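Novice: Just passing along the structure, written as structure tokens.
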Amino acid sequence: MRELTLVFQHADFYALNKPAGAPMHANEHEISVVHQLAQQLDEQLWPVHRLDTPTSGLLLVARNAAAAAALSQLFAERQINKTYLAIAPGKPKKKQGWVIGDMEKARRGNWRLCHSKLNPARTQFTSTAIATGYRLYELHPQTGRTHQLRVAMKSLGVPIVGDSRYGGEAHEYLHLHAWRLVFSYAGENFSLTAPVPNYGLFADVATKAVLAK
């Protein structure tokens, strides 16, 4: 199993830097990432939100039932500000702005963005040129739909590196990383970040220079 690394510890929760490929739900090959962390720490833990299996980055895990309820409510009420990083080749339809639209199921577990806006997914984004032909995107989802960010990037004409499901450039790893969470909990303000992965274009000098600004 993959090594799990904590980036922050609190009396009520942990912040884990989830490795790409670690599942939220057990499968025939491995246990869930939360169960693995519970075994590693010899402690009962509660998940409060989720990341897609191929997505890396910041995952909050509650240490008691009351904290799980409170943190889950913060996510449900969109009181937690989320920032993801993504890398994609090519030139997007626009370099910054919003992707807004309803999402509907497509074939083989995929989703697609619609022109309608009855109950839309909303993603704000900015981008910066890095390595030749690639851009680094900061993605700020205002809603939490399945595959929302991956579909948003595809709709911009620049599917994420490693996202074979949505037509992205081939790579062992999906270049989508849950980078930062900003929220208030029990009277305290938190701004937590998970170090970017050290593989592919995330390890590129230009990427790290942009993030260091």
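Novice: For the range 44-150, what are Rg and Dmax over the alpha carbons, in angstrom?
Specialist: 15.8, 48
Novice: Using θ = phi - 60° and the Karplus curve 6.51 cos²θ - 1.76 cosθ + 1.60, what whole-Hz ³J(HN,Hα) does each residue of the range 46-56 get, with Gly and Pro shown as x?
Specialist: Those phi angles translate into 10, x, 10, 7, 9, 10, 4, 3, x, 7, 9 Hz.
Novice: What distance in nm separates the simple spin-label points at ALA69 and ALA129, each placed 7 Å from Cα in the Cβ direction?
Specialist: My value for the distance between the label points is 5.4 nm.
Novice: Between ASP12 and LYS91, what length comes free when the chain is fully extended (0.36 nm per residue of separation minus the Cα-Cα distance, one decimal in nm)?
Specialist: 24.1 nm
Novice: Which whole-number percent is the relative contact order of the range 1-90 (Cα, under 8 Å, 6+ apart)?
Specialist: Contact order relative to length: 27 percent.
Novice: Now for a separate question. Sort out for me the Cα centre separation of the range 77-125 from the range 17-50, rounded to whole Å.
Specialist: Between the Cα centre of the range 77-125 and that of the range 17-50, the gap is 26 Å.
Novice: If you fit an axis through the alpha-carbon atoms of helix 65-76 and take the longest principal axis of the Cα set of the chain, what angle between them do you get, 0 to 90°, nearest 10?
Specialist: Rounded to the nearest ten degrees, it is 20.
Novice: So for the pair VAL182, HIS25, with labels modelled 7 Å out along Cα→Cβ, what separation do we get in nm?
Specialist: It works out to 3.3 nm between the two label points.
Novice: Just add up the charged neighbours of VAL210: K/R +1, D/E -1, any other residue whose Cβ is under 15 Å from the Cβ of VAL210.
Specialist: Net charge around VAL210: +3.
Novice: Computed on alpha carbon atoms, what radius of gyration and Dmax characterise the chain, expressed in Å?
Specialist: When restricted to Cα atoms, the chain yields Rg and Dmax of 17.0, 48 Å.
Novice: Here is a further query. How large is the accessible surface per residue of the range 124-170, computed with a 1.4 Å probe and reported in Å² as a whole number?
Specialist: In whole numbers, the range 124-170 has 38 Å² accessible per residue.
Novice: Follow-up. Which one of THR5, ASN189, TRP179 is farthest out on the positive end of the charge dipole of the chain, using unit charges on Cβ (Lys, Arg +1; Asp, Glu -1) and the Cα centre as origin?
Specialist: TRP179
Novice: Once every DSSP H run of n ≥ 4 in the chain is given -39500 (n - 2.57) and the sum is divided by its residues, what mean residue ellipticity at 222 nm do you get, rounded to the nearest 500 deg cm²/dmol?
Specialist: -5000 deg cm²/dmol
Novice: Follow-up. Provide the per-residue ³J(HN,Hα) series for the range 86-91, in order, calculated from phi with Karplus coefficients 6.51, -1.76, 1.60 and θ = phi - 60°, each as a whole number of Hz, with x at glycine and proline positions.
Specialist: Along the range 86-91, the couplings run 9, 10, 8, x, x, 10 Hz.
Novice: Of the listed peptides 49-58, 115-124, what is their order by residue-averaged count of other C-beta atoms within 10 Å, with the highest listed first?
Specialist: Ranking, from highest mean packing down: 49-58, 115-124.
Novice: Something else now. Could you name the aspartates and glutamates whose alpha carbon sits less than 18 Å from that of LYS208, not counting residues in the same chain fewer than 8 places away?
Specialist: Filter leaves GLU138.
Novice: Using a probe of 1.4 angstrom, how much of the accessible area of the chain is carbon and sulfur, in percent?
Specialist: Carbon with sulfur: 48 percent of the solvent-accessible area.
Novice: Can you list the residues, at least 5 places off or on another chain, whose amide H is less than 5 Å from the amide H of GLY21, using H built in the peptide plane?
Specialist: Counting only residues 5 or more places away or on other chains, the set is THR55.
Novice: Of the cross-linked pairs LYS18/LYS213; LYS18/LYS91; LYS95/LYS154; LYS93/LYS154; LYS95/LYS117; LYS94/LYS154, which ones have a Cα-Cα span greater than 18 Å in the structure shown? Display every interim value, and only then the final one.
Specialist: Working: LYS18/LYS213 24 Å; LYS18/LYS91 29 Å; LYS95/LYS154 14 Å; LYS93/LYS154 10 Å; LYS95/LYS117 22 Å; LYS94/LYS154 12 Å.
Pairs exceeding 18 Å: LYS18/LYS213; LYS18/LYS91; LYS95/LYS117.
Novice: Return the percentage of antiparallel bridges among DSSP beta bridges fully within the chain, rounded to the nearest 5 %.
Specialist: Rounded to the nearest five, the antiparallel share is 95 percent.
Novice: Considering Cα pairs under 8 angstrom that are at least six residues apart, work out the relative contact order of the range 16-58 and quote it in whole percent.
Specialist: 56 percent
Novice: For the range 11-71, what does the accessible surface come to per residue with a 1.4 Å probe? Please give it in Å².
Specialist: It amounts to 41 Å² per residue over the range 11-71.
The values are calculated or read from the model by the stated rules, or taken from the named source; none is laboratory data. Model, not experiment: these values are computed from the prediction. Reconstructed Cβ throughout: ideal geometry from the backbone, glycine too, with neighbour counts over all protein chains shown. Quick note on the areas: whole protein, heavy atoms, side chains included, nothing else; ligands and nucleic acids left out. Shrake-Rupley method; radii C 1.70, N 1.55, O 1.52, S 1.80 Å.
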